[in-house]
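Quick note: the coordinates plus some simple rules give every number you see, no bench work behind them. As the structure is a computational prediction, the values presented were derived from the model and not from experiment. Positions of Cβ are generated from backbone atoms using ideal geometry, with glycine treated the same way; all protein chains shown enter the neighbour counts.
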Amino acid sequence: MRKDHSDLIGQLEAHLTRERYNSVATHNYARSAKDFLQYLAQKEIPIDKATPADVADHLRCAVRQFRRRHGRRPAPRWESVPQSGIHAMLRLAQKRWPPEPVAVGLGDVLCLAVYNEYQEWLRVHRGLADKSIYALMWEGRHFLTWYINSTGALGFTELCVRDIDAYFELRSRRLRRRSLKDVAERLRSILRHLHRTGRTPVDLAPRVVGPTLYAYENIPAALSAQHISTVLKVTRKDHSSMGLRDYAILQLLSTYGLRSGEITRLRIEDIDWRAEILHVCHWKTSAHSQLPLMRPVGEALLNYLRRGRPQTDVREVFIRARAPYRRLSGLNPEICRRLEAAGVRPEGKCGPHIFRHARAVSLLRASVPRKIIGDLLGHRSEEATIPYLKLATEDLRAIALEIPEVQS
């Protein structure tokens, strides 16, 4: 191996050690990176020119070698370990991974120009949040690329309703009405941008027709008090680092009805132990709340911070149980795993939001005013709390009027 490549492997091992990867993972990642460097040398590809296609081709070769060596296929997702090691090395070598897409034709150049302009418009002029920008950009990039590749056009002046219908039919496969409505809204956004910048002579955004969703047409899923008690009881028996973490998360969900993002973004300095106050930033509305730190929640948090949380400089409270130690990106896998372990199978969606719905129902049944419930849940208006009223079906039955019988 060349000296510069040996230095790169040394940098990779040092980086993984700083990120607190264990010795086995560090060794496997470094070995996978060496194998990929040998592949690049055989193909005479400089490491700074490596692409995701090169990584995919190398992994296919690795799978074939595994089959020849062992006489069987590797386990599902076997390639995830070598892929992670290769990606870690390429992030060090290229400073960015995956790399920016390279425009190879006039169509690609046009799509990239519109893509960058659209991104700046969403971020600077509309001031949207990163999550919203990501969703709009994904749809916009997908639509632009599809149109150029399917028609061979070098502009958007000939874009018509027939093209939009064809794209929408392509996207509608295996999507529900809620997702289709989101696709329609994102498609209208990119079409408005194309007309605003003069790339289409007619504004085609009004021609995009998505499915109609009626207000409050679905009843959201929620857990009963007995279900919540069961999940907490079962999770509390798990004294591992993941068990301590998940139990603290479940306490926050069941006590305050916080959103998933509000928990994953909770920082250590947001907990005022002396004043017994929990500072919450509602990421969806950017509002801030000060909630009383209830005793069960405080004990669960303290137990996790002392006994379960790995040593790291990350300021978020809840982090991954394995290296690299970063904040959790979401809570769905953890919550679904705990519900399954407790034998709780709620109807409808199975995720952290069902605890939020359950908390709203318990407050409604305790005759708490809707305004106070909205403040606790971080709603901007009382109307945002209305969907939770549908969950108190037993309360509605109690006040239902009997229908008098008609005498013939």
Evaluate the distance, in nm, between pseudo-label points positioned 7 Å from the Cα of E158 and of D130 along their respective Cα→Cβ axes. 4.0
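Please sort 247-254, 86-93 by packing, taking for each peptide the average over its residues of neighbouring beta carbons within 10 angstrom, highest first. Walk me through the intermediate numbers first.
Details: 247-254: 24.6, 86-93: 20.4.
So the order, starting with the most tightly packed, is 247-254, 86-93.
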Charges at C-beta only: +1 for Lys and Arg, -1 for Asp and Glu. How large is the resulting dipole of the chain about its Cα centre, in Debye rounded to 20? 1260
Under a 5 Å amide H to amide H cut-off, with H placed in plane at 1.01 Å, what residues pair with I277 once short-range neighbours are removed? D272, L293
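Using only the Cα atoms, work out Rg/Rh for segment 225-395, with Rh taken as the Kirkwood radius, to two decimals.
On the way: Rg = 15.7 Å, Rh = 16.6 Å.
Using only Cα positions, Rg/Rh for segment 225-395 is 0.95.
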Let me see the P(r) profile for segment 34-127: every Cα-Cα distance counted, bins of 10 Å, each bin given as a percent of all pairs. 13, 33, 27, 19, 7, 1
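Take the Cβ-Cβ distance between D57 and L291 as r, set R0 to 56 Å, and report the resulting FRET efficiency rounded to the nearest 0.05.
Numbers: r = 52 Å, r/R0 = 0.93.
It comes out at approximately 0.60.
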For T200, distant residues with modelled amide H under 5 Å away: H195
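Take T212, T235 and order them by how many other Cβ atoms sit within 10 Å, fewest up front. The partial results should precede the final answer.
Numbers: T212 8, T235 25.
Neighbour counts put them in this order, fewest first: T212, T235.
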Summing -39500 (n - 2.57) over every DSSP H run of at least 4 residues in the chain and dividing by its residue count gives a helix-only mean residue ellipticity at 222 nm, to the nearest 500 deg cm²/dmol, of -17500 deg cm²/dmol
What ranking do 333-342, 28-37, 279-288 get when scored by the average of other Cβ atoms within 10 Å per residue, highest first? 28-37, 333-342, 279-288
Checked segment 218-294 against the a/c 1.5 cut and the a/b vs b/c comparison, axes a ≥ b ≥ c from its Cα gyration tensor; verdict oblate
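Could you work out how much longer the chain between V202 and E347 gets when fully extended? Use 0.36 nm per residue separation minus the Cα distance between them, nm to one decimal. Don't skip to the answer; put the middle values down first.
On the way: separation 145, 0.36 × 145 = 52.20 nm, distance 4.56 nm.
Result: 47.6 nm gained on full extension.
Please compute the length gained on full extension between A14 and Q38, using 0.36 nm multiplied by the number of residues separating them and subtracting their Cα-Cα distance.
Extending this stretch completely gives an extra 6.6 nm.
Using the Cα gyration tensor of segment 310-380, with a ≥ b ≥ c the square roots of its eigenvalues, what is the shape: rounded (a/c below 1.5), prolate (a/b larger than b/c) or oblate (neither)? It would help to have the intermediate numbers written out before the result.
Working: a/c = 3.35, a/b = 1.54, b/c = 2.17.
Oblate, because a/c is 1.5 or more while a/b does not exceed b/c.
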Which three lengths, in whole Å and largest first, does the chain cover when its Cα atoms are put on their principal axes? 87, 62, 47
Listed highest first by mean packing, meaning other Cβ atoms within 10 Å per residue, what order do 307-315, 173-181 come in? 307-315, 173-181
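Using 0.36 nm per residue, how much length does the chain from R178 to K237 gain when fully extended, once their Cα-Cα distance is taken away?
On the way: separation 59, 0.36 × 59 = 21.24 nm, distance 3.82 nm.
Contour length minus the Cα-Cα distance gives 17.4 nm.
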Which residue, chosen from H353, T200, S229, occupies the Cα position most advanced towards the positive end of the dipole of the chain, where the dipole is computed from +1 (Lys, Arg) and -1 (Asp, Glu) charges on Cβ about the Cα centre? S229
